[in-house]
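Please read the structure below before turning to the comments.
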Amino acid sequence: MKPFLSRLWRNFCLMLGNQSSLTLYFLPLLQRLASGFLPGQYRASLLCRQWQTADMLQLSFNVSGRWPGFVPGQHVLLTLQHNGRYISRPFSICSPLSLWQSQQHIQLCCKINRAGEFTPLLNQLKNGAVVNISKAQGDFYWQQPATAAVFVAAGSGITPVAAMLLSQRHWLAPVSLFYRCRGSENAALLSELTQLAARQPLFTLTLSDSRTEPAETLQQQLMTNSSKQFYLCGPAGFMQQIRTALTNSGVSAAQIRQEQFGLAIAAPAEHMAAGLQLSASFIRAGISTQVTLNPQQSLLQNAEQHGLAPRFGCRMGVCFQCVCDKVSGQVRDIRSGALSGHGAEQIQLCVSQPVTELVIKL
């Protein structure tokens with residue numbers, strides 16, 4: 001019991017003055033009393049799972065009635081407890097809004113990386129398993145359904161697009177979906193989208209097979225729609241190709257909306273312009289380790305990539321398990337963009353981005 005009380009007191013001291021909610025002060029104790037409790041999160045129980053493709057797993061959840069719902073196109077953070085810690089990943093809701101409104105059910109379609117840490121755990125969940133989800137997040141949604149639109153999706157980027165299209169009840173303008181995939185057998189949610197195209201004359205579905213059709217062919221097809229609103233979602237490299245092709249053909253930036261998951265981490269403009277490299281000294285037990293920093297990653301990611309193993313928990317700034325002492329240097333809070341001071345203070349590694357040279361005491 002004594003080690004537990006010691007950890008409880010340490011976490012309380014670290015959080016003191018940093019938390020906006022009284023609940024967060026007592027998080028370690030509350031988790032001791034109610035396993036899996038996370039403030040600001042909602043409970044969801046697994047109803048069933050099925051494979052959409054060889055590497056895309058669809059999960060159906062019954063969500064707590066306290067959950068405030070979603071706008072089709074948004075995503076949630078799914079949190080699991082694994083090896084004594086919480087890990088989270090963002091996934092777009094792929095089911096129509098009507099399913100949530102009528103049954104309080106949502107579906108997530110998740111690409112399984114069998115060598116990864118998180119997604120293989122999803123295939124191990126049993127029916128009835130309870131997980132945590134966040135409020136719906138993101139501003140990637142169909143803003144003007146009355147306006148003609150073109151959707152371009154590839155890979156797991158089909159999930160928010162499918163939710164938007166399957167949720168639409170009143171079709172007032174023509175809509176096209178160009179779905180880039182490696183054959184129909186690798187096209188998740190294809191059955192639902194094909195059925196939608198069959199019953200809705202204003203919706204057109206076009207499959208673009210990457211094995212036989214070069215990307216330039218798809219780009220040429222898109223050029224005939226240059227006056228419409230575009231929604232892009234998929235692998236970053238492919239989406240950048242499409243965006244560049246559209247802008248080169250005269251499509252304005254205001255006509256293009258593109259999905260971005262999770263915390264947006266951008267390298268500071270001054271470093272990008274000057275080509276500067278940052279470094280940090282991580283001190284543990286009196287031993288200093290000098291590392292080169294990637295300014296597009298959090299300090300936690302930087303430390304881990306150099307073989308260090310800082311203490312961490314949620315990886316999203318909630319649990320304060322990764323709090324440590326910044327001896328000198330400046331960091332940026334990834335969530336808000338706020339800059340720290342240059343002197344000694346406590347920071348959270350998982351949501352801190354390097355801005356200057358740093359000395360960190362782990």
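The values are calculated or read from the model by the stated rules, or taken from the named source; none is laboratory data. Given the structure is predicted, the values throughout are model-derived calculations rather than measurements. Positions of Cβ are generated from backbone atoms using ideal geometry, with glycine treated the same way; all protein chains shown enter the neighbour counts. The area values use the complete protein model at the heavy-atom level, side chains included, leaving out ligands, DNA and RNA. Shrake-Rupley method; radii C 1.70, N 1.55, O 1.52, S 1.80 Å.
Values computed for the structure shown
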{"quantity": "Computed label-point distance, nm, for sites residue 144 and residue 51 using a 7 Å Cα→Cβ extension", "calculated": "4.3 nm"}
{"quantity": "Loop-located trypsin sites (Lys or Arg not before Pro) in region 163-261 whose Cβ has at most 14 other Cβ within 10 Å (DSSP)", "calculated": "169, 182, 211"}
{"quantity": "For residue 247, solvent-accessible area (1.4 Å; no DNA, RNA or ligand), Å²", "calculated": "60 Å²"}
